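Structure first, then comments.
Throughout, read-outs are computed from the coordinates displayed, never taken from laboratory work. Everything numeric here is computed off the predicted structure, so don't read it as measured data. Please note: Cβ atoms are built from the backbone with ideal geometry, for glycine as well, and neighbour counts cover all protein chains shown.
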Amino acid sequence: MTAVESAPIQPARKASGRPSATRLLLNNTLATGGLVVLAAIVLIALAAPILPLADPNVTAPANRLLRPLSEGHLLGTDALGRDILSRLIWGTRVSLLVGISATLIAAFFGSLIGLVAGYAGGRIDTVLMRGIDMVMAFPYILLALAIVAVLGPGLLNALYAIAIVNIPFFARNIRGITLGLARREFVDAARLSGKSNAQILFIEVLPNVLPVIVITMSTTVGWMILETAGLSFLGLGAQPPQADLGSMLGDGRKILFTAPHVSIIPGLMIFVLVMSINLLGDGVRDVLDPRLKSGALSRPVARTAVTRQGLVPDAAPDPAAVLDVRELRTEFHIGGEVFKAVGGVDMRVGKGECLGIVGESGSGKSVSAMSIMGLVPTPPGRITGGVALLEGEDLFSASDERIRQLRGSAVSHVFQDPLSTLHPLFTVGDQLVEAIRAHEPVAKSAARRKAEELLRTVRIPNPAERLKAYPHELSGGMRQRVCIAMALAHDAKVIIADEPTTALDVTVQAQVLSLLDTLRAERDTGVLFITHDFGVVSAICDRVAVMYAGQFVETGTTEQILSSPAHPYTAKLIDCVPVLGEPDRRLDAIEGRPPMVNDLPKGCAFAPRCPRARDTCRAAPIGLTELGDGRTVRCLYPLTEDGDE
Amino acid sequence: MSEGALLTIEGVDKTFGGGRTLFGQPRPAVHAVQDVSLDVQPGETLGVVGESGCGKSTLARMIVGLDAPTGGRITFDGRDLAAEAGRDLRRLSRDVQYVFQDPVASLNPRKTIRTILEAPLKHLTDLDAAGRRERLEELMGAVNLAPSFLDRYPHEFSGGQAQRIGVARALAADPKLIVLDEPVSALDVSVQAQVLNILDGLKDRFGLTYVFISHDLSVIESVSDRVAVMYFGHVVEIGTSRSVFGRPRHPYTHLLLNSAPAPGRRSLSAEDAHTELPDPYNPPPGCPFVPRCPRATEICSTAMPPLEGEAADPGHRAACYHPHEHGAP
Ligand SMILES: Nc1ncnc2c1ncn2[C@@H]1O[C@H](COP(=O)(O)OP(=O)(O)O)[C@@H](O)[C@H]1O
Ligand code: SF4
Ligand code: SF4
Ligand SMILES: [Mg+2]
């Protein structure tokens with residue numbers, strides 16, 4: 001053991017690339033606007049007792065229905081001569097207080113019900129949620145009216161009514177989230193750590209639900225203010241002489257035509273208040289909702305952006321290659337940082353040949369493969385250099401229309417998860433027919449016959465019946481066969497298969513591999529095969545490229561690489577996996593982790609983990625060296641065949 | 001069952017669903033584990049291997065008390081495990097712990113590692129605050145992580161580091177038996193080896209017994225003393241790792257071993273596409289492997305074959321009417 005291996009691993013402090021929640025919120029102009037307006041309203045409402053305002057409830061019949069901007073009454077007076085400005089500010093205070101309290105009450109009880117129902121499941125869940133369903137079955141305002149009718153009119157009772165009516169909304173939202181969390185492994189782990197149910201629910205689950213509660217609150221408080229206003233408007237909320245926005249509106253209703261300002265002013269206030277709350281609420285939701293966090297708000301375009309600057313190698317196409325990729329560079333630009341996911345990769349696939357790309361996750365295998373047909377999402381991805389030649393045609397400068405034609409016909413993809421290709425709501429037959437007709441103007445019936453033929457090609461028993469099946473009715477192996485059938489629909493010249501068997505069981509994996517192997521021989525299709533497993537490589541690949549930190553570190557035939565790896569990383573990667581039939585082999589772990597591709601070292605990217613590293617390795621980028629027989633290696637001190645250590 | 005076993009599982013069944021609906025309709029039941037019997041000796045690693053859905057995880061969850069068996073008996077150290085788990089899971093959790101497949105999902109994203117690792121120390125041991133602090137450092141050392149990690153959140157960790165924390169949590173209360181459910185399957189190959197080596201070291205250091213579950217034959221072969229092969233809820237073959245991998249008797253074990261890719265192995269034996277499992281809602285009366293088995297005869301469909309030992313090696317048992325015979329080892 002070297003010192004490197006035995007030293008405990010130290011955390012690597014990485015600069016957090018994500019801006020703080022507050023900054024995200026302030027970046028949203030609408031939300032910031034909402035925040036400013038709301039803050040102003042709240043401050044004024046809070047300051048009501050110390051502001052030089054007239055008493056809101058003092059009537060002065062002599063001064064009734066004064067217009068706005070009249071002497072001493074900035075916003076005029078109402079039918080009883082009360083000062084509207086004063087009533088507006090005091091009324092806003094009341095409406096805000098009632099709306100927020102109702103929200104808090106509804107959030108508390110609703111969330112509690114949702115948490116308990118979602119966590120307990122079974123009977124308790126059924127009983128609680130059926131109760132909630134019953135509450136929801138009544139029209140909203142009718143229920144509130146009924147509650148007030150029972151409790152009697154009054155502001156406090158209106159508050160209860162609004163809160164009760166909104167409980168189901170919280171309960172359902174929170175139950176859904178809790179249900180998902182309660183089945184998560186960390187909950188089981190907490191149970192095995194000795195925690196009681198209550199401890200798990202409130203210490204483990206609740207913190208994960210809290211953001212959702214806050215989101216739900218921020219998006220409902222506006223509604224609740226409106227609803228309170230509605231009840232007061234009907235005379236069921238605030239009782240005279242107390243003012244709230246709804247009752248002011250109600251007071252003005254009868255004289256809408258003679259003195260419109262009496263109702264328009266509180267109406268405008270309600271509008272501004274609710275609008276500002278909702279804008280802010282939407283902003284808060286966008287910040288807290290994890291799905292919207294990663295910049296997913298900007299929809300990616302249909303094809304990876306290509307920004308090659310003088311980095312186009314002048315390519316004399318290799319006539320023997322169907323697919324010939326040179327010097328491919330693909331980067332992700334995220335928050336001012338550049339992740340060089342692919343840093344100059346050459347891939348050549350001949351007719352009927354299978355090229356394997358092997359490497360650990362994050363090494364750039366998928367991005368390399370996805371770049372070819374422009375499937376890397378932009379933003380944040382972009383191709384910054386290289387060419388990809390499909391039988392001599394540069395794919396990176398082809399038109400969008402041309403790429404659309406080629407996708408799924410000349411070049412097709414098979415992914416790790418068949419469900420990412422298959423639509424859950426259409427039958428396998430419909431999807432195959434659509435894939436066929438997308439590139440070939442044939443009648444439906446002809447396409448259907450071809451679909452059946454394709455399923456037979458991928459050795460699916462009873463194909464006519466299987467055409468009618470939905471994806472979820474098939475096993476994982478069958479689904480992957482359907483995806484392969486789809487990839488074969490148009491005599492593909494190249495199939496790009498990204499870990500197509502990783503999610504499959506060994507016996508099924510063996511079938512799918514032998515199927516792919518037979519098909520490529522029968523049809524002379526080139527295959528670009530991505531995997532992390534040298535066993536799988538042996539079963540199907542003619543040539544292999546080993547990838548590390550965005551670059552190929554070694555290429556050669558499968559036999560060469562497996563029997564005499566030249567790059568220290570390849571050797572270590574082979575030695576760290578247990579091999580069937582050699583149980584006593586010592587597993588030689590590779591300590592440490594691959595470098596981050598936004599912070600690559602100047603020299604060899606493997607140097608920090610390499611037992612052969614010397615100072616020269618770290619000094620400058622390492623080029624690929626030809627070893628003859630089409631073998632290349634990116635290392636200054638490669639392992640030689642006679643196995644020097 | 002055999003004397004001195006730490007864990008004994010006798011005729012255990014687990015069905016999910018079933019019962020009746022509110023209106024008295026019978027609900028369909030999935031038979032996840034059927035009539036499984038095996039025992040685990042102190043200090044050994046029992047490997048459990050099988051394909052997805054064969055009941056490995058269900059078996060694991062029953063051993064740690066997260067699920068209760070619907071039939072049969074599980075005994076740990078002479079105690080009725082299922083009854084004890086129902087009454088007081090804490091008592092069982094002091095002795096039997098679990099390592100999860102998905103290391104990141106098994107850590108609460110909103111808790112620091114310190115909080116996560118302190119939970120078992122607080123609830124399962126009598127250590128005081130100082131004792132806990134000492135034990136935390138010891139645990140981090142045991143899984144080769146710097147103590148400065150303690151105040152980090154799970155998302156700051158790679159899969160391999162997160163799994164070491166999962167192992168540290170399982171170790172915290174000083175258990176006797178740890179059930180590892182696919183502990184390295186979600187990890188990159190280079191990291192797998194790190195975790196496997198750490199697990200190996202801990203076993204000797206703390207005198208642990210492992211039940212190690214995986215779908216990966218080569219991993220199982222390299223870690224196990226004995227191996228149980230599961231198919232469709234049944235244990236179909238069990239024996240020492242050497243005999244099961246060296247002289248497999250059950251046709252399914254043969255198929256598994258011939259399907260597994262290995263570096264340098266050019267062709268894998270692939271069956272035809274008829275690999276569908278029988279309907280778990282309605283298991284067949286006989287051997288579930290019949291539709292895929294090249295050796296099947298009529299008798300195979302009549303009743304489930306018993307798990308029987310080989311004449312030359314009684315500990316190497318297979319549930320098959322026509323097992324491969326190898327003669328004396
Ligand atoms: N959509 C994306 N946005 C940002 N970074 C990405 C995206 N996809 C991949 N990356 C980054 O690119 C690098 C290579 O990833 P990938 O090609 O998926 O690796 P592999 O397929 O070898 O596991 C990684 O650092 C990964 O984090
Ligand atoms: S160049 Fe040096 S550090 Fe890099 S792999 Fe070769 S020997 Fe190791
Ligand atoms: S019992 Fe019959 S069908 Fe089952 S594995 Fe043995 S030979 Fe095959
Ligand atoms: Mg990938």
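Key figures
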read-out	value
A:Phe534, A:Phe202 arranged by Cβ crowding within 10 Å, fewest neighbours leading	A:Phe202, A:Phe534
Relative contact order of chain A, pairs being alpha-carbon contacts under 8 Å that are 6 or more residues apart, as %	11 percent
Separation of alpha-carbon centers, the stretch A:217-270 and the stretch A:595-629, rounded to whole Å	72 Å
Proximal lysines to A:Lys450, defined as alpha-carbon separation beneath 25 angstrom and excluding residues fewer than eight positions away on the same chain	A:Lys351, A:Lys468, A:Lys493
The stretch A:548-641, dipole about Cα centre (Lys/Arg Cβ +1, Asp/Glu Cβ -1), debye to the nearest 20	400 debye
Length-normalised contact order of the stretch B:225-329 in % [C-alpha pairs under 8 Å, at least 6 apart]	29 percent
Contact order relative to length of the stretch A:370-504, as percent, for alpha carbon pairs under 8 angstrom and 6 or more apart	34 percent
Helical mean residue ellipticity (222 nm; -39500 (n - 2.57) per DSSP H run of 4+; nearest 500) of chain B	-9000 deg cm²/dmol
Ranked by how many other beta carbons lie within 10 Å on average, peptides B:147-154, B:105-112, B:171-178, A:609-616 from highest	B:171-178, B:105-112, B:147-154, A:609-616
For peptides A:61-74, A:566-579, sequence by mean Cβ density within 10 Å, most packed first	A:566-579, A:61-74
Order by protection proxy (mean Cβ within 10 Å, highest first), peptides B:299-308, A:225-234, B:133-142, B:37-46	A:225-234, B:37-46, B:133-142, B:299-308
3J(HN,Hα) from dihedral phi, the stretch B:85-100, Karplus parametrisation 6.51/-1.76/1.60, rounded to Hz, x for glycine, proline	5, x, 7, 8, 4, 4, 4, 5, 5, 5, 9, 10, 10, 9, 10, 8
Cα-based Lys proximity count in chain B, under 19 Å, for pairs eight or more positions apart or on separate chains	4
Averaged over A:529-537, number of beta-carbon atoms from partner chains that fall within 10 Å	3
Rounded to whole Hz, the Karplus (6.51, -1.76, 1.60) HN-Hα couplings of the stretch B:241-257, x for glycine and proline	4, 4, 6, 5, 7, x, 9, x, 9, 7, x, 5, 4, 4, 4, 4, 5
Average other protein chain Cβ within 10 Å of Cβ, residues B:106-117	4
Distant-in-sequence amide H partners of B:Ala146 (H built 1.01 Å from N, under 5 Å)	A:Ile9
Whole-Hz couplings from phi, Karplus 6.51/-1.76/1.60, listed for the stretch A:275-286; x for Gly and Pro	4, 5, 5, 5, 4, 5, x, 4, x, 4, 4, 4
Chain A - mean residue ellipticity at 222 nm from DSSP helices (-39,500 (n - 2.57) per run, n ≥ 4, rounded to 500)	-15000 deg cm²/dmol
Neighbouring partner chain Cβ atoms per residue of B:164-171, average, 10 Å criterion	1
Proxy reagent accessibility, fewest Cβ within 10 Å first, across B:Leu121, A:Leu474	A:Leu474, B:Leu121
